[in-house]
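The values are calculated or read from the model by the stated rules, or taken from the named source; none is laboratory data. Being a predicted model, the structure only gives us computed values, none of them experimental. Reconstructed Cβ throughout: ideal geometry from the backbone, glycine too, with neighbour counts over all protein chains shown.
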Amino acid sequence: MADKNKKISPEQFTFVNMGERLTDVKFDDKPIGYFKDAWIRFRKNKASVAAACIILIIFIFSVVAPFLTNNENGFMDTYYAKKGPYVYGLNKDGFMDGGVDRDFSEPGIISKIAIGIGAEDWDAHGATLEEGMASIQQPLMEISDPFTILDASKKEKTYYHARINSYAEVGFLYKSIEQSELQRMQEWEKETGLHLLYPLVEENSYNVDPKDANNWYKTKKYQPVYINDKGKVKNVEYAPGMVLEDNYKRDAQGNPIYYEYTGGGTLETAGYKIRVLYSHYYIYKNGFEPRYYFGTDSQGYDLMLRLAGGLRLSLLLAVSVSVINFIIGAAYGAVEGFYGGWVDLLMERVSDILSGVPFIIVATLFQIHLAVKVGAIPCLLFAYILNGWIGIAYRVRTQFYRFKKQEFVLAARTLGARDARLIWKHIFPNSLGTIVTSTALIIPSVIFSESMLSYLGIVKLGSAKTTSLGTLLADASAIWTNYPHLMLLPALFISLLMISFNLFGNGLRDAFNPSLRNVED
Amino acid sequence: MVFTLFIIVTMTFILVHILPREMPTDKVQAQAIAARWEALGYNKPVLTQYGIYLKNIFTKWDFGTSWYIAPRKPALDVLTSRFLPTLLVNLYSMIFSVPVGIALGVYAAIRKNKWDDSLISTLVMVFISVPSYVYAFLVQYFLYFKLGWLPLTMYSLADAGGSYFTGKMFVSMIPAVIALSFGSIAGYTRFVRAELTESLTSEYMLLARTKGLTRPQATARHALKNAMVPILPSILSEFIGLLSGSMIIERIFSIPGVGQLYIRSLNLFDYDVFMMDCVFYTFIGLLAGIVLDLSYGFIDPRIRMGER
């Protein structure tokens, strides 16, 4: 009790930290903002990261592909149309070997084997079957045992199931050239050691079709024949020791003729007919080997370049659509949501009407009215933009209604912030998360509908330089059963792209709004 | 809705009718058509034409005439004749995919975060993303070329016995139905799973369990019923929406439906039919939206229209 009355004089008091300024301790860590937080959450989502990687890979592929091959964009070779994928070094066991499986009759299979034999028989020395089979120009890759089926006239026919290299199958072609080119060819042959000129074929009764340069051996009614010692015509049958009798044009000494004067011109321009091995002619013409990693399409364009072009177009279109829709939607929704009242009512009616127009009709009408004037791709862009922004505007509007009455806005307004600053600096960033997500999800829908429109032929995007995935599919749709790669590769890429973008979009949504995880809207 | 429809129809009409019209190459036919067009006022200014068009609709229920696809038949009849195949294919697909989708969705929601749920969710993600035409090609490839079980495209009416309801016709519709179903099954599964997981974790479920219901009982009687509130309207509006069909599936399987009519009328410059199809698509789209809004009120009386 004694203490109670004890007086402490003011001098006895001292300040705890005199002379020091009292401040908050600085955080050791950096502050985690909204976007950083979202990024951390996004990183944890394995599927979305994988999807982002796939998108990146596809994007890189679409940009880099033109540098992977010698073929220029727009380059086409009609003889190498509809060929399968062929990757040198990988071409093993039916995978990317440019092969096609088909059934052949006996003359049919011999005609294929003969290409390989003929390719070795450049000097008409009479190449054997073994030489022909060992040739790299041999189209036959695998052959089954013979089987018999009854044909329409109830006759038994022998058939073979074989895998044919569709590139080598092209074989020989006749060409008309001028004398100067003939000399260049002969020089080129000496330089490279590759054989370009092959003996011409006699046009006689042993020849099936004078235009078919592959038919260099004697045939009767498509059946290969030989003439025995007694001068009788006998059929050649497919067997291990098969010998084909050549039907080359020969001069008086029995030497094969490689070129034939067809008339016209001076020494320089005189026309000659020659028979060339096309794969070597291709190298002579273009300076590189025929390499088509993804094969070629129905017209002979390099499918890889076409695909890359289509992917570039799709990605570019999708990204620009989503960016433009983002901008328009954000501005429109912000004004609607911020001002409310009659402004909102009026603008809502406008977007109501616009959103009622089916997209397909918009796209069609734009195409038929404007495609000639501004081109198909800008038209498509307009069509997407016309009512594509409405979804985003709606989301932004909802977010603005949520935030505009909150205290921080009031505080900012009290401090004298103008409307524009309130909208863009204070309210809009809050709605950014949802909008970014819905913008990202626009991309797959654009890719899908673009491919659909070009598949249906409403939008015509096919030309020598540009194409779209839908056009590729439409081109393939009539013939893809025989050439599955034409359908498979574009379909694979488009599916991958769609899956990845959807996963990516979902990952973004989960990252920005963790409360919405697994809730689909 | 009527106002929106009116504005869209007006815009579409003007845009379609300022296009140059093509005459058939046959001279006699061209003369006959030109004479009829003159009589019908097709050479008048566009707005006058539009007046005539509206007058014909309101007085005679006449939406114009087809000139090339089915010469001189009313455009409305042309559309309605294409209606049944589209409806049937989509209906079959829906009958197949709604139960399967709901069942899968319920299963995934009950087994939430187990391996089978993540399997279903992954597959759903894949199936929902892959475009429908890819399924169409896969179905054609495996079921027609590899196995030979089903026809490549839909039979024509004459081949299948003159009716869309014969067994042969049904078999030929199966490929299209399968191709359509993949995506919609995935869609329903995702939707049902999302809704059901939400209602399974709600508090009334806890109450239902505490008052002694078993888990299946509580799920069936309480969670599922509540989850169905947003699901049923969307099925209903999808049902309306499926009348307009899928253009690309109709093209691939050559179904003589509304979507194919759209492409054909566009390619043949049969503008009256094209206009009819546009009106139809717009109408269906708006109707589906309205049905979606209204059906909420019917299914759950707690939700009232007009309340905010």
Note to self: For the range A:432-477, which positions are among the polar types (S, T, N, Q), more than 12 Å from chain B (Cβ to nearest Cβ) and closer than 30 Å to A:Ala334 by Cα?
What the structure shows: A:Thr434, A:Thr437, A:Ser438, A:Thr439
Next item on the list: Would you check which residues across the range A:478-512 are more than 25 Å from A:Gly84 (Cβ to Cβ), facing another protein chain (nearest Cβ under 9 Å) and not polar (S, T, N, Q) and list them?
Entry: A:Met498, A:Ile499, A:Phe501, A:Leu503
Next item on the list: Those residues that are of a type outside the set (Val, Ile, Thr) and crowded, with 19+ Cβ neighbours inside 10 Å, I need them from the range A:446-461; list them, please.
Entry: A:Phe448, A:Ser449, A:Glu450, A:Ser451, A:Met452, A:Leu453, A:Ser454, A:Tyr455, A:Leu456, A:Leu461
Next item on the list: Determine which member of the set A:Leu370, A:Leu410, A:Leu354, A:Leu345 is surrounded by fewer than 21 Cβ atoms within 10 Å (Cβ to Cβ), touching a residue at least 24 places away in the same chain (Cβ under 8 Å) and either away from chain B (no Cβ under 14 Å) or under 26 Å from B:Ile7 (Cα atoms) (or both).
Entry: A:Leu354
Next item on the list: Would you mind stating whether A:Ala363 is under 41 Å from the mean Cα position of the chain (by Cα), among the small types (Gly, Ala, Ser) and at pLDDT 85 or above?
Entry: yes
Note to self: B:Ala186 - would you say it is buried (at least 22 other Cβ atoms within 10 Å of the Cβ) and more than 30 Å from A:Met452 (Cβ to Cβ)?
What the structure shows: no
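If I go through the range B:122-154 residue by residue, how many of them are part of a loop (DSSP other than H, G, I, E, B), of a type in the set (A, V, I, L, M, F, W, C) and closer than 30 Å to B:Ala109 by Cα? Please lay out each step first, then the result.
Of the range B:122-154, the ones part of a loop (DSSP other than H, G, I, E, B) are B:130-131, B:147-154.
This time we only want the ones that are of a type in the set (A, V, I, L, M, F, W, C), so: B:130, B:147, B:149-150, B:152, B:154.
Add one more test, that the residue is closer than 30 Å to B:Ala109 by Cα, and what stays is B:130.
Summing the residues that are part of a loop (DSSP other than H, G, I, E, B), of a type in the set (A, V, I, L, M, F, W, C) and closer than 30 Å to B:Ala109 by Cα in the range B:122-154 gives 1.
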Note to self: Checking B:Tyr50 against (1) touching a Phe, Trp or Tyr at 6+ places or on another chain (Cβ under 9 Å); (2) within 14 Å of chain A (Cβ to nearest Cβ); (3) under 30 Å from A:Leu346 (Cβ atoms); (4) not small (Gly, Ala, Ser), only one condition comes out false. Which one?
What the structure shows: (2)
Note to self: Being over 19 Å from A:Ala119 (Cβ atoms), part of a loop (DSSP other than H, G, I, E, B) and not charged (D, E, K, R) is the requirement here; does A:Tyr160 meet it?
What the structure shows: no
Next item on the list: Quick one: B:Trp67 ticks every box in (1) more than 14 Å from every other protein chain (Cβ to nearest Cβ); (2) in a helix (DSSP H, G or I); (3) surrounded by 16 or more Cβ atoms within 10 Å (Cβ to Cβ) except a single one, so which number is it?
Entry: (2)
Margin query: For the range A:318-344, which positions are over 21 Å from A:Thr437 (Cβ atoms) and either in contact with an Asp or Glu (Cβ under 9 Å, 6 or more places away or on another chain) or among the basic types (Lys, Arg) (or both)?
Written below: A:Val335, A:Phe338, A:Tyr339, A:Val343, A:Asp344
Notebook entry, point to check: Of the residues that make up the range B:53-60, is at least one modelled with pLDDT under 85, in a helix (DSSP H, G or I) and buried (at least 18 other Cβ atoms within 10 Å of the Cβ)?
Noted result: yes
Check: Is it true that B:Tyr281 is modelled with pLDDT under 85 and within 11 Å of another protein chain (Cβ to nearest Cβ)?
Finding: no
Check: In the range B:258-275, how many are over 16 Å from the mean Cα position of the chain (by Cα), away from chain A (no Cβ under 12 Å) and either of a type in the set (Ser, Thr, Tyr) or crowded, with 19+ Cβ neighbours inside 10 Å (or both)?
Finding: 3
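Is it the case, given these coordinates, that B:Ala179 is closer than 15 Å to B:Ser246 by Cβ, within 11 Å of another protein chain (Cβ to nearest Cβ) and aliphatic (A, V, I, L, M)?
Details: closer than 15 Å to B:Ser246 by Cβ: yes; within 11 Å of another protein chain (Cβ to nearest Cβ): no; aliphatic (A, V, I, L, M): yes.
Here the answer is no, as B:Ala179 does not meet what is asked.
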Margin query: Tell me whether the range B:138-161 contains one or more residues that are in contact with a strand residue (DSSP E or B) (Cβ under 7 Å, 6 or more places away or on another chain) and either of a type in the set (Lys, Arg) or over 30 Å from A:Ala50 (Cα atoms) (or both).
Written below: no
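Table: residues versus (1) part of a loop (DSSP other than H, G, I, E, B); (2) under 37 Å from the mean Cα position of the chain (by Cα); (3) over 15 Å from A:Gln179 (Cα atoms).
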| residue | (1), (2), (3) |
| --- | --- |
| A:Glu260 | no, no, no |
| A:Arg275 | no, yes, no |
| A:Glu289 | yes, yes, yes |
| A:Leu305 | no, yes, yes |
| A:Leu311 | no, yes, yes |
| A:Leu315 | no, yes, yes |
Check: Which condition breaks for B:Ala103 when tested against (1) without any contact (Cβ under 8 Å) to a residue 12 or more places away in the chain; (2) assigned to a loop (DSSP other than H, G, I, E, B); (3) within 30 Å of B:Arg190 (Cα to Cα)?
Finding: (2)
Notebook entry, point to check: Taking into account only those residues within the range B:16-47 that are within 20 Å of B:Ile69 (Cβ to Cβ) and within 14 Å of another protein chain (Cβ to nearest Cβ), which is surrounded by the fewest Cβ atoms within 10 Å (Cβ to Cβ)?
Noted result: B:Pro20
Note to self: When the residues of the range B:107-134 are narrowed to those that are more than 7 Å from chain A (Cβ to nearest Cβ) and of a type in the set (Gly, Ala, Ser), which ends up nearest to B:Arg251 (Cα to Cα)?
What the structure shows: B:Ser132
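Would you point out which residue out of A:Ile458, A:Ile499 is out of contact with any Pro (no Cβ under 7 Å at 6 or more places or on another chain) and part of a helix (DSSP H, G or I)? Working first, answer last.
Numbers: A:Ile458 fails: part of a helix (DSSP H, G or I).
A:Ile499 is the lone residue from the list that is out of contact with any Pro (no Cβ under 7 Å at 6 or more places or on another chain) and part of a helix (DSSP H, G or I).
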Next item on the list: Find all pairs meeting these conditions: Cβ atoms under 8 angstrom apart; at least six residues apart or on different chains; first residue within the range A:284-297 and outside the structural domain of A:Asn482 (by TED's automatic domain parsing) and farther than 14 Å from A:Leu196 by Cα; second residue in a loop (DSSP other than H, G, I, E, B) and of a type in the set (S, T, N, Q).
Entry: A:Phe288/A:Asn70; A:Arg291/A:Thr69; A:Arg291/A:Asn70; A:Arg291/A:Asn71; A:Tyr292/A:Thr69; A:Tyr292/A:Asn71; A:Tyr293/A:Thr69
Item checked: Failed criterion for B:Arg193 (all others in (1) farther than 20 Å from B:Ser246 by Cβ; (2) modelled with pLDDT under 85; (3) in contact with a Ser or Thr (Cβ under 9 Å, 6 or more places away or on another chain) hold) -> (2)
